[in-house]
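Structure first, then comments.
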Amino acid sequence: GLVLINDLPHMSNNKSKAYITEIKNGEEVIFNNGLTKDLLNNSTFIIKNQFRHDQNKLSFSMALPDFYDESKNKVRFRLLGFENNFSKFSQNHHTSYTNLFPGKYKFQVQGLNALGEESLLDSYDFIIKPPWWRSTTFYICEFLFISIFLVITLLLKYARKSTALSTAFSFMIILAVFEYIDIFLEPYLLFLTGGVPVLGIASKVILGLLLMPVERYMDKIFDKIATLFGNLFQTKANKN
């Protein structure tokens, strides 16, 4: 008889798929080319995908199981939440990301076989949690404390009592505001400076130099606000 073997399986419409074969968080292996589904119960195994703020280094290994000419298989990847564009197709099947900021991420990998056909994507979603001092609860508590300090400062200034204490409170308010500004600017500064520590320190020095002039300016504003509200209350009391 005559047997015909099709040595070009890619003539079919079935696309191959690239795979993430290993995931490491720091030195801990959290996935190592194992099954992702329980074939008996038809359920999906849960791969660890939530990490503390200091567990912010992840490494990935990838593969394209396309055996037509395996030596020419290439992959490309990207980490959404950190970058928008894929890397170029290459035979580098390993990559690492360090010092990731708290947030949600999706790692994606795609393969390219010897015939120039792009494979289906594989992906992995994960979250790096913020530290407790950057949590929503902490920010709400800090905002309430700032509001209390602001009210106390205005009352002390209106009563012309404990000038040193009111100055200390206003200074604490300004420090808290500067902290918010620094947190907001940190990701942009890291991007602009390329992560160079010296340039990051320079930005904090600049904020520090602005602290005293801003404190004196805000102190005058607090004095005006305290006087304004004091006059309004006094006028209302006289009418009654």
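Annotations
- Any hit, the stretch 123-137, residues being in contact (Cβ under 8 Å) with a residue 60 or more places away in the chain and in contact with a Ser or Thr (Cβ under 7 Å, 6 or more places away or on another chain): no
Conditions tested, residue by residue: (1) surrounded by 12 or more Cβ atoms within 10 Å (Cβ to Cβ); (2) over 30 Å from Lys129 (Cα atoms); (3) touching an Asp or Glu at 6+ places or on another chain (Cβ under 9 Å); (4) at pLDDT below 95.
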{"position": "Ser12", "(1), (2), (3), (4)": "no, yes, no, yes"}
{"position": "Tyr19", "(1), (2), (3), (4)": "yes, no, yes, yes"}
{"position": "Thr36", "(1), (2), (3), (4)": "yes, no, no, yes"}
{"position": "Thr44", "(1), (2), (3), (4)": "no, no, yes, yes"}
{"position": "Leu64", "(1), (2), (3), (4)": "yes, yes, yes, yes"}
{"position": "Ser71", "(1), (2), (3), (4)": "no, yes, no, yes"}
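- Members of the stretch 73-94 found to be farther than 12 Å from Asn113 by Cβ, among the aromatic types (Phe, Trp, Tyr) and either at pLDDT 95 or above or surrounded by fewer than 12 Cβ atoms within 10 Å (Cβ to Cβ) (or both), listed by number: Phe77, Phe86
- The listed residues are Gly116, Gly103, and the only one of them that is at positive phi and within 17 Å of the chain's Cα centre (by Cα) turns out to be Gly103.
- Tally of residues being in contact with a strand residue (DSSP E or B) (Cβ under 7 Å, 6 or more places away or on another chain) and either open to solvent by 50 Å² or more (accessible area, probe 1.4 Å) or under 17 Å from Lys106 (Cα atoms) (or both) across the stretch 118-134: 11
The values are calculated or read from the model by the stated rules, or taken from the named source; none is laboratory data. The structure displayed is predicted, hence computed values, not measured ones. Methodologically, a virtual Cβ is constructed for each residue, glycine included, from the backbone with ideal geometry; neighbour enumeration extends over all protein chains shown. With ligands, DNA and RNA removed, areas are computed over all heavy atoms of the protein, side chains included. Shrake-Rupley method; radii C 1.70, N 1.55, O 1.52, S 1.80 Å.
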